[in-house]
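In what follows, a single structure is set out as structure tokens and then discussed.
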Amino acid sequence: MNHPQSANSTENQINPSTPSFPLVSIGIPTYNRAKYIRQSIESLLSQDYPNLEIIISDNASTDGTSDICQEYSQITYIRQPENIGATLNFRFLVEQAKGEYFMWLGDDDWLDPNYISQCVEVLQNHPNYALVAGRARYILDDDRLLYEGLPIDLLQDSPSERVITYYSQVTDNGTFYGVMRRHQLLQVPTYRTMGGDWLMIAAIAFLGKVKTLHHITVNRLHRHPSQLKDGYRKIAMSDNLPQLQGEYPHLSIAISAYNDIAYFSPIYHPLTLEERQKLAQAVKQAIFQHYNVQVDEPIFEFLKALDRSHKDPKNPEAQADFTANQAQITDLVNPQLIQTLVTLYQTPYPPEAQPRQYQPTKPIIAIDGVFFQLYQTGIARVWRSLLEEWVKGDFADHIIVLDRANSAPQVPGIHSRTIPAYDYNNTEADRAMLQQICDEEGVDLFISTYYSTPISTPSAFMAYDMIPEVLNWDMNHPMWREKHIAIQQASAYLSISENTARDLSKFFPHIPIESVTVAHCGVAESFYPASVMEINQFLIKYGIAKPYFFAVGLSGGYKNTALFFQAFSQLYGARGFDIVCTGSGAFLKDELRSYTPGVVVHMLQLSDDELRAAYSGAIALVYPSKYEGFGLPVLEAMSCGCPVITTPNASIPEVSGNAAIYVKDDDAEGLANAMCEVQKPTIRRSLIQAGLERAKTFSWDKMADRVQTALLEASLQPFKLNEINWIIFPDWSAEEQVLAESLIQVLRTLVTHPERHRMTLLVDATGSSLEDVDSAISSLAFNLLMEEELEIEQGPEISILPALSQKQWQLLLPRIQARIILDAENASAIAPAATLPITECDRLSVFSP
């Protein structure tokens, strides 16, 4: 396996960092710049600042760049084994740097001798500055001066002033190649994608002030003057963009006459529907004003397809959709504009896929986000994924998230209410608080992300696993005590696997297994096989030098980590491998270390991108768990093309199917044999292919649909549906006597029906209040029973229907046998049930459901 080769190290050449001269790391990303890079290096070595770390990352140059760089013992030269692209190369330099301050330098640019010292002096004297740069002088390839930027000081206090209208003044290459505080640069998500100079610098501007000095950076432009349009760096903007910018300062909106770019992207904050509408309109106007191009629906369809293709590069359907839409609009607009959009389009949502504004719709379902306060592990991923799926449709209008102390993720289009943090020492007060909120918000159904409960509002329970019960943990622990209270109080049950549903029913026999809705977890679109260069970047970053086995979740005895290490110690040539471990609270006990003498064990906390690379590069995921509620790591590994070795326990076979090697959870020899088998090319290829196919059967949108259906069905429980259900639509504005006679006839027929114990009568309340309808029905039923000496101990149930959502009607109608015709009916209210069979009172005795 090839790894970057370091020609020299600056570890012993740089001066120790002092308060006066903190270490400044300078990164030069380069590719085939043998003609210019010597001048760039020399300009750094000529700096009067005494404490520099110079790192060059060579993107596999094919000219003499490598030879030139290796002449200099004062720099750290790293050659990538293959071209990893500009984005990853820029990012690589930031992550290799050790300095308090950091700057990039172009591989064909150079600096004034006092450039670094002057920038550092300003940063040291002004802690509220985030970036300091010199003005830029732009020269052409023949060394002729084209343009010299003016110094611009951005010293205002508010973000709306700091991110100014004309981005050319902030984010020309002179500012982009400025000195930054490295810890602040790492806070800016854009540095990871390098999504354009102005976007990254504008984001940094939110962290502090930006200052431009008179000292010069020289930027070389490899273009002929005839290629420049309307003057280099001219930014043309429509009249209403500055106003929009001031109102929403986190938007970066620019139309560049030089590049024919229509570029727009949020910097930090998710956009509301109103913001997206304003943004889309402003960009439309700007494009039309400066290019005479009408941005109509075909172009928006193209942008949507482009967005999908960027989000899901491995999906053939997304790529085909993009190609088809691109072909459709090629004849409609400027081809250069389209090509530029293809290259630079980066908005995280296509214009037509805008987050919805919250429009409260019955039933209201409260989701207590308590788990986000307590942990950020797999359950948090489940609920965050569900919220992100629900916001794509109108189910979001039914949801209110109870945000514990501002710990829940902010998903645009999901309504939330901030409430106090959860305290296991004060659960009774918490229940009272939750009930008060449910009453204030008109909540119809409550579900907690982790075992909290109100007092009386109907609730649903989500079972993630039954580990404490199966492993006989102490049920007096407050967490498990609250879990059991939540189970006993719930009126509806969901589970993330069939096995967990069976265990729930086993430990709580009053819950029939058929009453538990199983909704398997999904896998994020971001988990797909990493490329060779992405894997290499991961290996380089964490110093992984050998083929490695991957283990997830070292904490917790049921994860059975000891079996993995025992098996590893039995491998022939075990020292030829590394071990990579990750997971919440990862640790390695001394007795486990005794199994791996001479073996490097990397215990890491990884981002999702790094986790994808870790899965993709591993020999196998070894997951010998004794019990799982679902087994999300197994699914993620398969999605990334990683072979899986696991156990046939609990829910794991539901996830991995025939796409894994199974071993018993106490068979170290069998696990060692499996770790040898998985290295055989034919077996490995078979497991990877089977895993990729298996992973396709799981998705968050499927889970979201199952859960939302179960919650809406649970909202129907107050209606006490039965085996036989009828519905009537009285006209509550009709003459009282006519209405009463009609209702009495229905009540008499049902109360005397031989099957009344299996029946429910649903009474629509449209046109009146629920209280008035309930009072009227109760009065009529009481008078009827008294006058005719009828008894009602055996039914039927009578339920008053409030206004229902369309989704509730969709779930309710299949469970209703027929609509009973009345003499006084509300014709307009019948519309949602127009497809139901109809019957009359005198035919109920012979009606066959």
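Some notes on this structure:
- Going by neighbour counts of Cβ atoms within 10 Å, the residues MET786, MET675, MET533, MET603 line up, fewest first, as MET786, MET603, MET533, MET675.
- Largest first, the three principal axis extents of the alpha carbons in region 365-518 are 39, 34, 28 Å in whole numbers.
- Potential extension, ARG758-ALA545 segment - 0.36 nm per residue separation minus Cα distance: 69.7 nm
- Rounded to the nearest 0.05, the FRET efficiency derived from the C-beta distance between SER569 and THR682 at R0 = 25 Å is 0.40.
- Charging the Cβ of each Asp and Glu at -1 and of each Lys and Arg at +1, and nothing else, the dipole of region 717-846 about its Cα centre rounds to 780 debye.
- Whole-percent P(r), region 532-697, all Cα pairs, 10 Å bins from 0: 11, 43, 39, 7, 0.
- Taking the centroid of alpha carbons for each part, region 768-839 and region 59-118 are 76 Å apart.
- Cβ crowding within 10 Å, taken as a proxy for footprinting-reagent exposure, orders THR646, THR596, THR697, THR682 from fewest neighbours to most as THR682, THR697, THR596, THR646.
- Model label zone, LYS702; criterion: amide N under 16 Å from point 7 Å along Cα-to-beta-carbon; scope region 615-654: 630-640, 652-654
- Rg/Rh for region 717-846 stands at 0.92; both radii use Cα atoms, and Rh follows the Kirkwood definition.
- Derived scalar couplings between HN and Hα for region 70-84 equal 6, 6, 9, 6, 7, 10, 9, 10, 10, 9, 5, x, 8, 5, 9 Hz in order, rounded to whole Hz, by the Karplus curve 6.51 cos²θ - 1.76 cosθ + 1.60 (θ = phi - 60°), x for Gly and Pro.
- Placing pseudo-labels 7 Å out from each Cα toward the beta carbon at ASP774 and GLN488 gives an inter-label distance of 2.7 nm.
- Set LYS362/LYS696; LYS541/LYS664; LYS483/LYS696; LYS546/LYS664; LYS483/LYS720 screened for pairs whose C-alpha atoms are more than 31 Å apart: LYS362/LYS696; LYS541/LYS664; LYS483/LYS696
- Nitroxide proxy distance, nm - points 7 Å out along Cα→Cβ at ALA562 and ASP67: 6.1
- Estimated D of region 749-823 in µm² per second, where Rh is the Kirkwood radius over Cα pairs and Stokes-Einstein applies at 25 °C, 0.890 mPa s: 177
- Normalised by 2.2 N^0.38 Å, where N is the number of residues, the alpha-carbon radius of gyration of region 649-756 equals 2.24.
- For TYR422, TYR528, TYR572, TYR375, the sequence from fewest to most other C-beta atoms within 10 Å is TYR572, TYR375, TYR528, TYR422.
Coordinate-derived values only; no laboratory data. Remember, predicted model here, so these are calculated numbers, not experimental data. We place every Cβ from the backbone using ideal geometry, glycine too, and count neighbours over all the protein chains shown.
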